[in-house]
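First the structure, in the form of structure tokens, and then the observations on it.
Bear in mind these aren't lab numbers, they're just calculated from the coordinates by the rules spelled out. Just so it is clear, the structure is predicted and the values come from calculations on it, not from any experiment. Positions of Cβ are generated from backbone atoms using ideal geometry, with glycine treated the same way; all protein chains shown enter the neighbour counts.
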Amino acid sequence: QVQLVESGGGLVQAGGSLRLSCAASGRTFSSYTMGWFRQAPGKEREFVSSIRWGTSSTYYADSVKGRFTISRDNAKNTVYLQMNSLKPEDTAVYYCATGKETDWATEIWEYDYWGQGTQVTVSS
């Protein structure tokens, strides 16, 4: 059974940094894409970033490009999202997800397993 467990969320001031982690188990992740999405109150869940495990190709939403970095640790089956220069508009619940290996993978339907989410709050 595939399990994704996020951690690392919290409260931070604008301009600060956080690193989210997503520990994955239950499948051979070398053949999959891992993604991060976020959902703010009253808004739809939106794509943040993804990494194609086999090639390490990375993709970012325009809103986070240059501020966020996605990476992976093969040995730990863990994906990270380093978030720098955080803004109040980055406040949301952040979700980790896994799906079929493909480039970009920006749509919710491209992922078949999701974590429970971790809250990120950026104060102004």
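Which length gain, in nm to one decimal place, applies between THR28 and ASN84 when the Cα-Cα distance is subtracted from 0.36 nm times their residue separation? Before the final figure, lay out the partial values.
On the way: separation 56, 0.36 × 56 = 20.16 nm, distance 2.98 nm.
Gain on stretching THR28 to ASN84: 17.2 nm.
Throw me the Rg/Rh for the chain, computed over C-alpha atoms with Kirkwood Rh, two decimals.
Ratio value, two decimals: 0.94.
For ARG45 and LYS100, FRET efficiency with R0 = 22 Å and r from the beta-carbon atoms, rounded to 0.05?
0.75
Report the gain in length on full extension from ALA14 to SER57: 0.36 nm times residue separation, minus Cα-Cα distance, nm rounded to one decimal.
Taking 0.36 nm per residue and subtracting the Cα distance, the gain is 12.6 nm.
With a point put 7 Å past each Cα toward its Cβ, work out how far GLN119 is from VAL2 in nm, to one decimal.
It works out to 2.8 nm between the two label points.
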